[in-house]
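Trainee: Here it is, the structure in full.
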Amino acid sequence: KNIVVLASGRGSNLQAIINAIKEKKINAKISLVLSDKKEANALKIASENNIKSKFIDPSFFASREGYDIYIAELIKKENPDLVVLAGYMRILTDKFIDSFEGKLINIHPSLIPAFQGLKAQKKAVEYGAKFSGCTVHFVTKELDNGPIIIQAVVPVLPEDTEKELSERILFYEHKIYPQAIKWILEDRVIIEGRKVVIKNAKY
Ligand code: GRF
């Protein structure tokens, strides 16, 4: 099976997926990493692991639609089983989302539908939530709010800052993202309307 990853930054989730492949927990290959940011550490991680990677400069495109049409073509050439957003910070156009429906997943650092959008960990701390976590979900046209594949819960401790909560959540991101990818590539994930059913899930 074949995965394409889109990333804009640090790339720690990309690294976690690469590790899971190396450890043979996921039976797949990452055929391409795409980034909209030239300096993305994710691109460095890709090249260190001999994975094909490309920076596609948004400033060369007149519109968001044009950019997404271009990257959709690059992705389709790889014929991926799954397209993984791993800290990809550009909002995708409806057409892009439609063309990868059911094959496009994201990780968000909150228990959706709570704290959607940017700075989810900061929002959880400021809101006074006692628990937060992370969610892997299918991408739909609603931002950070598609059918939920897996979530992990962490406590928000009284002295937590955004940084501490983010680190606690990130630890679980690196566990649940590879787990969700494994299930999907094993064809064990069924979308039933709003809900996702996992066949024979062992947590
Ligand atoms: C993660 O917190 C993820 O939940 C969010 O963006 C961050 C990406 O981190 N969508 P990294 O680039 O994978 O290290």
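The values are calculated or read from the model by the stated rules, or taken from the named source; none is laboratory data. Keep in mind that this is a model prediction, so the values were computed, not measured. All Cβ positions, even for glycine, are placed from backbone atoms using ideal geometry, and neighbour counts span all protein chains on display. For the accessible areas, the whole protein counts, side chains as well, though only heavy atoms, and no ligand, DNA or RNA atoms are used. Shrake-Rupley method; radii C 1.70, N 1.55, O 1.52, S 1.80 Å.
Trainee: Any residue at all in the range 18-36 that is within 14 Å of the ligand (Cβ to nearest atom) and either touching a His at 6+ places or on another chain (Cβ under 6 Å) or in a loop (DSSP other than H, G, I, E, B) (or both)?
Mentor: First, pick out the residues of the range 18-36 that are within 14 Å of the ligand (Cβ to nearest atom): 18-20, 30, 33-36.
Still in the running and either touching a His at 6+ places or on another chain (Cβ under 6 Å) or in a loop (DSSP other than H, G, I, E, B) (or both): 36.
Among the residues of the range 18-36, at least one is within 14 Å of the ligand (Cβ to nearest atom) and either touching a His at 6+ places or on another chain (Cβ under 6 Å) or in a loop (DSSP other than H, G, I, E, B) (or both), which makes the answer yes.
Trainee: Still on this model: Could you tell me whether PHE115 is in a helix (DSSP H, G or I) and at pLDDT 95 or above? Talk me through it step by step, then tell me what you get.
Mentor: Details: in a helix (DSSP H, G or I): no; at pLDDT 95 or above: yes.
The answer is no for PHE115.
Trainee: Quick one: which strands (runs of 3 or more DSSP E) sit completely within the range 146-203 and have at least 1 residues that are surrounded by 13 or more Cβ atoms within 10 Å (Cβ to Cβ) and under 15 Å from the mean Cα position of the chain (by Cα)? It would help to see each step written out before you state the result.
Mentor: Values: elements: 148-155, 189-192, 195-198.
Qualifying strands (runs of 3 or more DSSP E): 148-155.
Trainee: Quick one: GLU73 ticks every box in (1) of a type outside the set (A, V, I, L, M); (2) under 25 Å from LEU170 (Cα atoms); (3) outside the structural domain of THR140 (by TED's automatic domain parsing) bar one, so which box is it?
Mentor: (2)
Trainee: Given the structure, is ALA129 out of contact with any Leu (no Cβ under 9 Å at 6 or more places or on another chain), more than 22 Å from LEU92 (Cβ to Cβ), away from the ligand (no atom under 12 Å from the Cβ) and without any contact (Cβ under 8 Å) to a residue 40 or more places away in the chain? Before you say what the answer is, go through the steps one by one.
Mentor: Details: out of contact with any Leu (no Cβ under 9 Å at 6 or more places or on another chain): no; more than 22 Å from LEU92 (Cβ to Cβ): yes; away from the ligand (no atom under 12 Å from the Cβ): yes; without any contact (Cβ under 8 Å) to a residue 40 or more places away in the chain: yes.
No, not satisfied.
Trainee: Taking the residues in the range 41-79 that are over 20 Å from ILE181 (Cβ atoms) and part of a loop (DSSP other than H, G, I, E, B) as candidates, determine which candidate is least open to solvent (accessible area, probe 1.4 Å).
Mentor: Among them, the one singled out is ILE56.
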